Each structure stands twice: as C-alpha cells, then as structure tokens.
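Everything below concerns the one structure shown next.
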Amino acid sequence: MSFYNRNKKKTQEVKLNKNLAISKLIELSADQPEYRAVFYQRLLNDKIFLLVENNYKPSSAFVQGIDPNIPILTFDNKIIPIFSEKDRIFDSGAITQEVEYMEVNGRQFLELSLGSALIVNPFSNFYKELVPNEVAEMLNGSIFTPNKSPVINVKMNAVIGKPSIEPVELIQELKDNFKDNQLISSAHIAWTSSEEQFIEPHYIIAVESQEGSGEFKHIAQVVSNIAQNHLQEDQIIDIIKLEFGGNFSDYFFNQSTPFYQK
C-alpha cells in the first residue's frame with residue numbers, strides 16, 4: 001500500500017521514533033504522515049538490499065561505492081525491487097528458492113538508479129513505490145519540503161483517461177517551453193484516479209524525450225516548476241517519462257493525442 005494521504009489531518013502531536021526499522025516506518029506512515037520524512041531520510045542513510053544474478057561478485061574497485069554494472073534483478077515492468085532488511089526478501093513466500101542479494105548504501109544506489117522506478121519491500125504487507133521524480137527530490141532534498149512541490153507518486157492500480165477540463169494556460173506555457181528543448185518529442189496530459197481513497201484524482205503529464213532516464217529529472221523539475229504556477233494549493237500533478245513499457249504507456253501511445261509534438 002502507498003502511504004500518501006494528503007487529506008488526513010494531524011490530530012495530535014506524535015513523538016517520532018527515528019530508530020525503527022524502515023519496514024515499520026512504511027507501515028506507520030500510512031496513518032502518521034510525520035513518519036514520511038523519517039522514512040525518506042533513513043532510506044538515504046541506511047543500507048538496503050538488492051537482488052542480483054547468481055554468482056555475481058562485486059568488484060573490489062567499488063568497495064567505497066557501487067559497481068555501475070551490477071546485474072540487478074528487476075520485475076518484468078522494469079521496476080527495481082529493493083529491500084530494507086534481508087528478511088523482507090522472503091515475505092509472503094513470494095521467493096521460495098535461494099537468491100543472491102547484496103547490501104549497498106541507500107543514497108549511492110538511488111544515485112546510480114536515478115531515472116528508474118523502485119519499490120521498497122514489494123512482497124510485504126506494507127510496501128512503498130518510488131517514482132523517478134520522487135527519488136530525484138529525495139536526493140536534492142526538496143522532498144523534505146513537500147508543500148513546495150505538486151508532484152506525487154501514482155499508484156499502479158490507477159485508472160486514466162482524457163481530462164474533462166484541460167488546464168489551457170498550463171498547457172500553453174509547457175508548449176512554449178518545450179519548443180526550446182530539442183530533445184522533447186511529444187507530451188500528453190491525462191486525468192487519473194486511484195482506488196486508494198486518499199489519493200485525489202489529478203492530472204498526469206507524460207513527456208516523451210530522447211534524454212536518458214537519468215537526465216530526465218531536469219525536464220521533470222522544469223515541468224513541476226511551471227505547474228506550480230497554475231495549480232491551486234491543494235491540487236497535485238504527476239510527471240512521468242513516456243516510454244514503451246512504462247507506466248500508462250499503452251494509453252498514451254494508443255489512445256491519447258499529444259498536446260505538443262515536435
């Protein structure tokens with residue numbers, strides 16, 4: 001389950017225990033938003049576990065860092081599973097055979113994998129999805145001032161379609177900006193809602209770019225900054241890189257008409 005709940009109001013002061021396991025922080029964050037910043041900070045600072053191909057041995061040249069060629073195991077949808085504790089790998093009996101895993105520094109891995117979608121403890125009762133822009137905000141620190149950013153994580157069980165009311169001024173400013181970026185091929189806007197009651201329906205902007213996933217964070221930040229000037233305080237928006245096999249790619253490629261195209 002995701003732990004976003006923008007409508008839940010704080011009813012009492014909570015004394016935060018910052019030494020809890022990350023898996024427990026995910027669970028607490030569902031009902032106590034105060035723990036979200038603790039979760040993000042701990043994920044940056046703590047060690048995490050990755051699934052890797054059998055017989056992989058890290059190079060000694062990367063003792064102080066991370067081998068950029070790690071043969072990391074991913075899900076079929078390219079989302080990378082990461083685990084806060086090694087025991088979480090075997091939750092729910094999803095993995096019944098021996099697997100290879102390695103322990104890495106959280107921040108170093110997030111920097112290495114920037115541009116990829118991640119999921120923390122995917123086999124546990126409480127898990128957390130991390131979209132690329134969310135990870136970028138963790139690394140640059142802006143995630144710790146969430147009121148300044150309208151970007152949130154979209155649940156994978158969301159539904160999507162054409163917005164009944166298009167934000168005309170926002171679209172026009174984005175079109176004007178994209179004209180100066182030779183790497184942007186097209187851009188779409190849609191309206192999405194989730195089965196999770198605490199995630200309000202909102203706009204989602206998908207940008208098709210020739211930039212690699214790692215560099216896409218710059219485009220996402222530009223779009224985020226422009227969007228803030230056109231959204232009301234309680235409105236949110238999601239920004240994704242449009243690519244085959246990505247979130248909602250079938251909808252955007254097959255059913256949506258781009259509002260911008262080079």
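Go through the residues of segment 98-109 one by one and say whether even a single one is farther than 16 Å from residue 221 by Cβ, without any contact (Cβ under 8 Å) to a residue 12 or more places away in the chain, part of a loop (DSSP other than H, G, I, E, B) and of a type outside the set (Ser, Thr, Tyr). Even if it seems obvious, please write down each step before you answer.
The first filter runs over segment 98-109 and keeps only residues farther than 16 Å from residue 221 by Cβ, leaving 98-109.
Then keep just the ones that are without any contact (Cβ under 8 Å) to a residue 12 or more places away in the chain; that gives 98.
Subsequent filtering for residues that are part of a loop (DSSP other than H, G, I, E, B) retains 98.
Filter once more, so that each one left must be of a type outside the set (Ser, Thr, Tyr): 98.
Yes, some residue in segment 98-109 is farther than 16 Å from residue 221 by Cβ, without any contact (Cβ under 8 Å) to a residue 12 or more places away in the chain, part of a loop (DSSP other than H, G, I, E, B) and of a type outside the set (Ser, Thr, Tyr).
For segment 20-34, the set of residues classified as modelled with pLDDT of 70 or more, in contact with a Lys or Arg (Cβ under 9 Å, 6 or more places away or on another chain) and not hydrophobic (A, V, I, L, M, F, W, C) consists of 23, 29, 32, 33, 34, listed by residue number. Under the condition of being closer than 14 Å to residue 72 by Cα and open to solvent by 60 Å² or more (accessible area, probe 1.4 Å), the residues counted in segment 84-122 number 4. Residue pairs whose Cβ atoms lie under 7 Å apart, sitting 6 or more positions apart in sequence or on different chains, and linking a residue in segment 123-146 that is without any contact (Cβ under 8 Å) to a residue 40 or more places away in the chain to a partner that is open to solvent by less than 20 Å² (accessible area, probe 1.4 Å) and hydroxyl-bearing (Ser, Thr, Tyr), are 137/149; 142/149. Selection within segment 205-215: residues that are farther than 22 Å from residue 163 by Cα and at pLDDT 80 or above. The member of this set that is surrounded by the fewest Cβ atoms within 10 Å (Cβ to Cβ) is 210.
For segment 138-151, a residue qualifies if it is touching a strand residue (DSSP E or B) at 6+ places or on another chain (Cβ under 9 Å) and modelled with pLDDT of 85 or more, and exactly one does: 138. Every condition in (1) open to solvent by less than 20 Å² (accessible area, probe 1.4 Å); (2) over 16 Å from residue 221 (Cα atoms); (3) modelled with pLDDT under 85 holds for residue 125 except the one numbered (1).
The values are calculated or read from the model by the stated rules, or taken from the named source; none is laboratory data. For clarity, every value in this text was computed on a predicted model and none was experimentally measured. Glycine also receives a Cβ, built like all others from the backbone with ideal geometry; neighbour counts cover every protein chain displayed. Ligands, DNA and RNA are stripped out before the accessible areas are found, and what is left, the full protein with its side chains, is counted by its heavy atoms. Shrake-Rupley method; radii C 1.70, N 1.55, O 1.52, S 1.80 Å.
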